[in-house]
Structures are given as C-alpha cells and as structure tokens.
Amino acid sequence: MHNFFSFLTKKPNLKILELKRYQVSFGLDRLVFGVDNVHVDVHISPQVYSCLKKTAFLLMVKHTRTENFFKEYKKDLCETEKESLRRLCNDILLDGINKAKIASEVQIDFLGQIALLKLFSEEIKSQYKGIVSQIEQLGRMYQISEKHDQNDVFVVKEKLSEIKIHVNHIMRAAGKELFELLVDINTRNLRNMRETHFFPRDILPGYFFSNPMFHTSNPGDDFFLLEEYALMGQRAEDIDNYQNIKSTLYSLLKQIQFSDEYFKSEKTEGPEIKRQEVNGFFGEGNRDFDAFIMEPDNFDRIFDYSSSTDQYEKARKANENEETLKDFREKIETQKSLLNLFYRQFNQSGILRQMVAALEMKTVCEKYCPPMNPRQIRDFLVNFWTRLSFRSQQNRFKSLYGADFTMAPLWQTLKRIRHCSSLDKRHHFVTFLRHFSRYHRDWYNFHILKEAMDAINLVEEEKIILLSRENHSLYEFLLPDEKIKEEKPIANHVIIKADIRGSMAINHMMRSKGLNPASYFSLNFFDPISQVLSEYGASKVFIEGDAIILSIFEKEDVAEGYYSVARACGLAMRILQIVQSYNEKNKENNLPVLELGIGICYCQGPPMFLFDGDSKIMISQAINQADRLSSCDKFLRKIFKSQNDVFNLFVFENENEEVSESGIDESTYRYNVNGIELNEEGFQKMAKEINLQKYTFSSDNDDSVKLYTGKVPLISGNYQRLAIREAVIHKVQPDVMDVSGKILRKYYEVCTHNKIYNFIENQS
C-alpha cells in the first residue's frame, strides 16, 4: 500500500470512470430431471435434426475443400440449407420463449438455446468423422478400381492427410459458420421478444454463442490463441501464463482498493444474480475483480485518457460549465495514474515484453507457422539465447524449410519492437488486456455452458420420449405443425369499449346539413377499426350506434394468447390514432371531428355465452366495467374543456362515505376524452405479460408522474411501445368538485401523447 500511494500522489476516483459489471445470469438448476434422474430430457423437432445434418455436411465439405469428391455439394445449395435451418431454429427458439413465459421460468429459454448449442457441436464432430471416413473409403475403392490410376490414389491420400493435419482449423471454421446462425437469430430475430418478457441480464448475449472455445479441443493451443486472442504462455514457468496475468491484475485491483461500489449504477430488477463459481471464477475475494475483468471495455474506461482528453477539448470549446470540465480533468488524471501504475507493474514483472511481442508477431507468424510454432517466434523476439540458437541453426532451417528460407522478417519485427515508443507500448498493453479480458470471459462461459450441455439428454428414441413425456419431465421444442392441434378453452378475457363523445349532437348537426351520419360513422370509425383487429387477435362482441365493444381471449396453454391486456392497450392506442388521422381530413372538409373515451377491463376466467338462434351472445361483468371506464362526466367535461394537457384521463371519488359505500363505481367521477383507462387488475396482469420499466415524468405543473413502459409483440411480428400512467384518485366534494384529499385506490391511463414517448426514448 505504501509503494502504491507513493507512486500515485492521491487515491484515484474510480467512480468517475463508470465501470461496468459482467451482468449475465445463467443456470438450469430449477428445471426437473428426466427419466434417468441425472439429466434434463430435451426433445427437439425432428425437422431440425434432418436439416442440420444436411447443412453441417455441406459446411464440412466446404471447409475441407473436398467439393471434387462430393458431387452433391453446391454453393447455392449450402446457402439454401443454411437459410432453412435458420428458419427452423428461429421457430423452435420462439417456442422456448413462449414456454418460458407461460411457466414464468426463463431457464426454459436457456434450455432451448443450450440444447441447440449441444446439437450443433455434436453434429459438427459427427460430420467431420463422416467426411474422413468417406474419403478413406474412396481411397480404398480407387486402389482396387481399374478406372483409377496411382495418381488418383495419391490425390485422395494427400487430401486425407491435409484434412487430418488441419483438423482444428476445419472444425473451427465450420463450427463458427454454423454457430453464427444462432448468434444471428438471437441478436436480430428474437431480441425484441426476449426484451418483452425477461430482465436484461436474463438475455444471453451474442458472445455466448460466438465463443471460439467451442471449436477447439485445446483452448491453450498456440495457433488458437494467436488467431482468436493473443499468445500467452502455457507452462508453469512462463511469466506470461494465464494464471500469472490474472494474479497480477487481482493484485493491482486490490492495491487500488477496488470494490463493487465503483461499478456504474445499473438496473437490478429481479432476483439477485447467483454466478457459478467455476475453477476459481467469482470465488470469495475476487468476485468484484472477475466482474470487472470480464468486461473488455472496462480497460478502455480505466486507461483511455486520450479519448477523455478529446472529450474534454470538445467540452471546453463548447463552453461547458466549470464543474463538467473539472470532472473531465479528474477523469484524465485518474486514467493516466492508473495506466502508469498497471504498466509499471507489468513492465517490472517482465510480462510487458511478452505482451508487446505477442501482438507484433502476428504480422510475421504466417510466414513461418507452420512448420514452426508461434512460441518459437515469440521466444526469438524476447530471448537473446533463442536468437543465438536460431543463428547457429540457420542452415538447418534452410534445409528443412527450403533454400529461400529467410529470417529477415523476424529481424525487422525485432527492430520494430526495439524502436517501439512508450506510447505504442502502452497501446499494445491495453490491447493485450482487452484480448485477455475476452479470453477470461470466454473461458468462464465455456465452463458453465459445457456443464450445461453435459446436463442435457437429447432424446430421440420414441420409447424414452413417451416415458419422459408421461412423467412430465420432457422439455419439447417443436415446430407449430408438430404440435397437437386442438381448440383450447378460454382461460381469461379482456373487453375494450370505445365510446364516441357527443354522438347525438354530431348526428343532429349532420342531418341538419343534409349529410349522412351513418356513413360518416362507418367510414371514420367502424370500418377502419375492423381492418386492424386481426393484428391484435381481437374480435367484435357487438356494435352500438355510437360505440364498439371488442374482446381478446386468452386460451389455456397457448402462449400467443397471453398478451391479452398488452395487446388490448396497443389496440386502444391504434383506435385513437385512426380516429385522429380521419379527424385531420374532416377538419379540411368542415366535417365534425370524433372524440372517444376508451375503457379496458381484464377479467380472470372465461365469459359466459348464450345463443339467440344462431347468434352467440357474450355475458361478462367486464362489459359493464369497460362501459364505466370509458364514460365521461358532463360536469367534468366542462371543467377540463379548455385544458391542453398530455393526459386525457382524470378520476375522482365522492367524499360522501355513504355514497361510496354503496359501490365504488357509483361514487366515481371520470373525465375521459380521447383517453384510455385500464382497470387495476388489467395493469397487474400486463406487468406479468411484458417487462415493464418504471420512470418518473415531470409534467407541466411540476407534478411527478409514475410511468411504466414496455414493448408488446403483435401477431404480425411487429412491436408496439406502451406507456402507462399510474395516478392516485382524489376525493372531491360532489357539488363544487373541490379536492378534499386522496384515497388509496389508483387508476391507470394508457398514454398516447408524443411528449411521453419522446421522454421514454430519451431515457433509454
């Protein structure tokens, strides 16, 4: 501690660096075991198996460069099969998301992804063995065939030898291309769906599936490290081995008294993350250190004073306040001090020389490796005795590697390292630490995902599938056409009522001008609403002359129906948007404009039905409640008529207790003009349907308003942003509408004003 503080004039302010924590939650520990009581039974669509075999075979042919031996290979066919596999995997992963949502268990989604990961890994290995076997068989056939000479046999044997020598490179290239499908599906196709249902840290990032360690049998192989990260020592005596670098970082972080408090404040909704302790990762004493090291960008945040200096200059030229400039100066000073400390420690330990050489050697390695190995090149650049040995053996190298063998590129690289400036060395130092960070993170993820894959039993045998299914221990990820089709009973339902304000006055005015109010209401209200119902899974209950009542049903065990409230809110917003767009046209033609009041009521359980001849009539208390939610008190409409607020709904309670006791609805006064009210049960249900984030919005009158926002998936595959305002009901004197206090009950408005959505976008 004394040496540290003597080197740094003052303790650095780490909070100003806004460091990030490795923030991913993963596990399968809450899932039930299968029939063997050891593994989790998983059944994946047979169509995925079939398509995967074709795709993996074609990829293996491509990367072994054996197209001439397999006439069925076509480049276009390979891309077609990849696209087919992409679609199938997308559908079964979507099935997994829906199952996870229904069960309120995100680990089911994890299971679907890991099952595909295991399936892909096994198939790549299987197809490589298959290619080798077929080439060997082809060689034997050529030997006994009269149609082929010895040259043909030699060509086959040479290709077979090449495939076996470059097995690691082939497996890595084919595996990467195949796994890229998973990365693409998860990051592009299904990201929004997962954001709708799960907490951010429950969404596995793309680097989980692009992890290079899945495609090598030896994560410490020199060629692998050189290609994917940076060369590190593998022997215990190597000063730059993985453990030494990690220990040095731990020691330095301890010196600066690094702790959890220095991480940037992040949202931590949901249960506390319980990270697996694997091979020393996240163990007692280094939990915070690993959380720091596994975020590669943290090394830029802690060391990159150059970018901070640029930001400072821009702020200074923009005449930012002195406090902002002071923060920038403190940040720059902290970054410089920390870089000097870490750099000096690694330099004194001798590791820095190895780091610089590991990065500089990448440009010349391909000239010598193979047949040489990268470690020989690195040793030449850092060790005098190795260079001396190279000189004495130069003639032998020429005889082994050819007469044109030259060491000139190596000497040029050595010269470049010797003349490397302190600034360049620092740049190499930070770059190497970023590579190390990725390696440290990928090594940890590889361990936990390998354990997860080992815990899965991919069942294909029909007997096991039936047994596991019968015991309710089988997790199935199937395509829609593979599922048993049956009409599911209604579990719950939502009613939406849209009520036109002042319809009688509009009717009277239009008739007095010789205009047709029936066609006006039809073209501006009923018809355009009918056109969008299918996108929200809604249907008409019945139509009145100045109102429409709609329903959305939740079916038992049908995931697509479990967005009923969120989609109802989205539909209500859409209805208002439709009416407002027609209002703009009507203003131009001197026609009346429509004002609505919309009520949304969620009701647990199914509605009842009766039949009038062939007509099916719904009976539900939700219809009556939606009617009250959509209503508007005439007295309040006069009071609020002149206001121009971002909110269109206000609810009050009669202070007369005797009236209130007679029933909540009868004692409530409501202003609802172009507003949307959602009942409290509906809001609670929606909070389970989609992931809602909470914000505080300051209105024009300086009141703090609670907002909840999230995205709802529509049947079309699009997503719609929702914003819900939570407000407290005020007690009023009924005669004069003077506010006398608040009650505990709340009401919920689905917001429509652009100001609200612009605010949310700026917060994201």
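Worth pointing out:
- Pairs exceeding a 22 Å alpha-carbon distance, out of K75/K118; K129/K164; K314/K336: K75/K118.
- The local environment of F521, defined by Cβ-Cβ distances under 12 Å, has a net charge of -3 under the rule Lys, Arg +1 and Asp, Glu -1.
- For the chain, calculated [θ]222 nm from helices alone, where every DSSP H run of n ≥ 4 adds -39500 (n - 2.57): -16500 deg cm²/dmol
- A Cα-only calculation for segment 490-763 places Rg and Dmax at 18.8, 57 Å.
- Listed cross-link partners K99/K694; K555/K638; K176/K694; K246/K711 are compared with a 31 Å cut-off, the Cα-Cα value being larger for K555/K638; K176/K694; K246/K711.
- Kirkwood hydrodynamic radius over Cα pairs of segment 479-559, then Stokes diffusion coefficient at 20 °C and 1.002 mPa s, in µm²/s: 140 µm²/s
- Violating pairs (Cα-Cα greater than 31 angstrom) within the set K157/K415; K540/K706; K15/K688; K62/K367: K157/K415; K540/K706; K15/K688
- Cβ-derived FRET efficiency at R0 56 Å, D327 paired with Q621, nearest 0.05: 0.45
- For the chain, a simple Cβ point-charge model (Lys and Arg +1, Asp and Glu -1, everything else neutral) yields a dipole of about 3340 debye relative to the Cα centre.
- Kirkwood radius, segment 25-204, all distinct C-alpha pairs, inverse of mean reciprocal distance: 18.4 Å.
- Distance from the Cα centroid of segment 35-67 to that of segment 293-317 is 45 Å (rounded to whole angstrom).
- Separation of segment 470-549 and segment 78-104, taken as the distance between their Cα centroids, equals 30 angstrom.
- Under 14 Å, Cβ to Cβ, from S161 - net charge with Lys/Arg +1 and Asp/Glu -1: +1
- Compactness of the chain as Cα Rg over 2.2 N^0.38 Å, two decimals: 1.24
- Label sites at R418 and N590, each approximated as a point 7 angstrom past Cα along Cα to Cβ, lie 9.5 nm apart.
Every number in this text was worked out from the coordinates using simple rules, so none of it is lab data. Only a predicted model underlies this, so the values are computations on that prediction, with no experimental measurement involved. Because the Cβ atoms are built from the backbone with ideal geometry, glycine has one as well, and the counts that use them run over all protein chains shown.
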